Amino acid sequence: MSDTVYEIIYRSHISEDMDRDAISDLMTKSILNNAASGITGCLLICDRCFFQILEGTEKKVKSLFNKIKDDHRHEGVDLISESTRFRLFDNWGMAFAADTPEELKKLIKSESLDQDDLDAIRTQTVRLIEA
Ligand SMILES: Cc1cc2nc3c(=O)[nH]c(=O)nc-3n(C[C@H](O)[C@H](O)[C@H](O)COP(=O)(O)O)c2cc1C
């Protein structure tokens, strides 16, 4: 059953020194940490960009996002949305997709995103993760 959570969505540019192994290490640590703090979500790679949705209690999500913002493994962190919603990724500490479809990539990289775009991104992301 879905519960109500605080959700943060952001995108960023992947630092030059991040290779596949480094991303894999980041995911392993994130999954462990998130399981311990009840945070769920997903991390997508769109060419050299990260796109992440974080869900959990407001306190924990904001505290994690503050750490993430200062992380040298990416730059240009762009907060896209903050809201209280139903949890989308119940079964995922941190779902990961390196192979983001073109249509979703285009949406994620749009200059400006309205609520309809965000809903489309959420729907397509869940579909991608659950495929
Ligand atoms: C793109 C990106 C996504 C991240 N996602 C998470 C995450 O979901 N959970 C997490 O614990 N750390 C995440 N991190 C790492 C945090 O910035 C930070 O290094 C980590 O939370 C520190 O954990 P520690 O206090 O246990 O050492 C992410 C970092 C980057 C660059």
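Observations
- Scanning region 111-131 for residues that are more than 17 Å from Gly41 (Cβ to Cβ) and among the acidic types (Asp, Glu) yields Glu111, Asp114, Asp116, Asp117.
- Among the residues examined, Leu44 qualifies as closer than 20 Å to Ala120 by Cβ, within 13 Å of the chain's Cα centre (by Cα) and either modelled with pLDDT of 95 or more or within 13 Å of the ligand (Cβ to nearest atom) (or both).
- Considered as a group, the residues in region 67-86 that are in a strand (DSSP E or B) and in contact with a Ser or Thr (Cβ under 9 Å, 6 or more places away or on another chain) include one that is nearest to the ligand (Cβ to nearest atom), and that residue is His74.
Here's the yes/no breakdown for (1) within 15 Å of Glu75 (Cβ to Cβ); (2) in contact with a Lys or Arg (Cβ under 6 Å, 6 or more places away or on another chain); (3) in a strand (DSSP E or B):
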residue: Glu7; (1), (2), (3): no, yes, yes
residue: Arg11; (1), (2), (3): yes, no, yes
residue: Asp17; (1), (2), (3): yes, no, no
residue: Leu43; (1), (2), (3): no, no, yes
residue: Gln52; (1), (2), (3): yes, no, yes
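- Cβ-Cβ contacts under 7 Å between residues 6 or more apart (or on different chains), taken from a first residue in region 106-122 that is acidic (Asp, Glu) to a second residue that is outside any loop (DSSP other than H, G, I, E, B), are listed as Asp117/Leu107.
- Filter pass, Glu130 being loosely packed, with under 12 Cβ neighbours inside 10 Å and modelled with pLDDT under 95: yes
- Residue selected from region 1-24 under the condition modelled with pLDDT of 95 or more and charged (D, E, K, R), by the criterion nearest to the ligand (Cβ to nearest atom): Arg11
- Scanning region 47-75 for residues that are at pLDDT 95 or above, acidic (Asp, Glu) and loosely packed, with under 14 Cβ neighbours inside 10 Å returns Glu58, Asp70, Asp71, Glu75.
The values are calculated or read from the model by the stated rules, or taken from the named source; none is laboratory data. Computed from a prediction, not measured in an experiment: that's the story for all the values here. Cβ: placed from backbone, ideal geometry, glycine included. Neighbour counts: every protein chain shown.
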